[in-house]
Structures are given as C-alpha cells and as structure tokens.
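The values are calculated or read from the model by the stated rules, or taken from the named source; none is laboratory data. Model, not experiment: these values are computed from the prediction. Because the Cβ atoms are built from the backbone with ideal geometry, glycine has one as well, and the counts that use them run over all protein chains shown. When the accessible area is computed, the model is the full protein with side chains, heavy atoms only, and any ligands, DNA or RNA have been set aside. Shrake-Rupley method; radii C 1.70, N 1.55, O 1.52, S 1.80 Å.
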Amino acid sequence: MSSNALESQGITIGIELVAGSPVAYDLIPDCKDISFRTGSASVIDTTDLSSLAKEKRMGLQDEGQCTFTLNFIPKEATHAELLAAKADRQIRKFEVTLTDASPVTKYQFDGYVLSVPMSASVDSVIESNVTVEITGLVTEV
C-alpha cells in the first residue's frame with residue numbers, strides 16, 4: 001500500500017441549504033459511505049461502409065451519480081433538505097471534501113436528488129441510501 005494513499009475516514013459531503021454568494025455548504029452528518037463520479041462518456045459509432053474495423057468517437061463526459069448511505073434522522077436539517085430536494089425536483093449544490101493535507105481537495109457539483117429511501121431491520125438503525133444525479137461537470141476547487 002502506498003504511504004501516500006488517502007484515508008476514507010473523514011471524507012465529508014455537504015449541501016447548500018441557503019442559496020447565496022459565496023456558496024456555503026452544510027455538512028450532511030452521519031454518512032457511512034460515499035461513491036461519486038460514477039459515469040462514463042458515451043461512445044459514438046462513426047463506422048461507415050469503407051471502414052475496415054469499427055471507428056468511434058467519444059461523446060460528452062457524464063459525471064454519473066453520487067450515492068451515499070447515512071443514518072437517517074428526519075429532524076436533521078440537511079437530511080430534511082434531501083427529502084425537500086427530491087420533492088421539488090430542483091438542482092442542489094454539493095461538495096465532497098477529501099482527507100488530504102492542506103490544501104484539502106474539494107469537489108463541487110450540481111445534482112438532482114433522485115431518491116432518499118429509508119430502510120430498517122432488527123437490531124439496526126434507520127438508514128437511507130441517497131442517490132444524486134450529477135448534472136454538468138464536477139469541479140475541483
């Protein structure tokens with residue numbers, strides 16, 4: 001293992017609760033895991049009848065989705081905002097912060113909250129596997 005590898009413990013995700021300038025992100029607490037930038041560009045087939053093999057071009061970049069699991073707390077403001085974002089179908093601003101040394105790497109993106117399902121089982125806590133569809137590019141700041 002590389003000694004330069006970043007630990008995942010300490011990664012945070014934030015959401016903009018109140019629109020403003022500059023943008024301020026409120027941390028979404030109780031996140032257990034995160035995955036983002038899961039998309040891939042489409043492949044455009046440019047093959048014609050004179051081609052000797054398939055010929056292709058790369059389509060537009062697709063940043064995919066951001067998914068994360070959290071211990072769901074309905075009265076927590078950011079958790080309630082996720083539900084509101086799903087209901088009103090409006091774009092929200094998000095920020096993922098990694099654990100590297102100063103300056104810290106941050107990724108910002110806009111997205112639509114597609115789902116905030118709740119699950120519970122015996123001897124467990126209520127969880128939600130949130131899905132955010134990223135629109136546009138993810139930018140490193």
[x] 1.43; [y] 1.29; [z] 1.90, with the label sought being that of the calculated Cα Rg over 2.2 N^0.38 Å: [y]
Average accessible area per residue (Å²) across the stretch 40-137 - probe 1.4 Å, nucleic acids and ligands excluded: 62 Å²
Sparse-neighbourhood loop sites, trypsin sites (Lys or Arg not before Pro) in the stretch 1-92 - DSSP loop, at most 10 other Cβ within 10 angstrom: Lys54, Lys75, Arg89
Per DSSP, loop GluC sites (Glu not before Pro) in the stretch 12-101 with at most 12 further Cβ within 10 Å: Glu55
Value of [θ]222 nm, deg cm²/dmol, for the chain, DSSP H segments ≥ 4, -39500 (n - 2.57) each, nearest 500: -2500 deg cm²/dmol
Crossing angle, helix 77-88 versus the chain [Cα axis fit, 0-90 degrees, rounded to tens]: 50 degrees
Gain in span if fully extended, Ala19 to Val43, counting 0.36 nm per residue against the direct Cα distance: 5.0 nm
Sulfur and carbon atoms: percent of accessible area, the chain [1.4 Å]: 53 percent
Spacing of the two label points (7 Å from each Cα toward its C-beta) at Glu140 and Glu55, in nm: 3.4 nm
Two-decimal log10 I(q)/I(0) for the stretch 41-119, as the Debye equation yields it once each C-alpha is a single scatterer, q = 0.25 Å⁻¹: -1.22
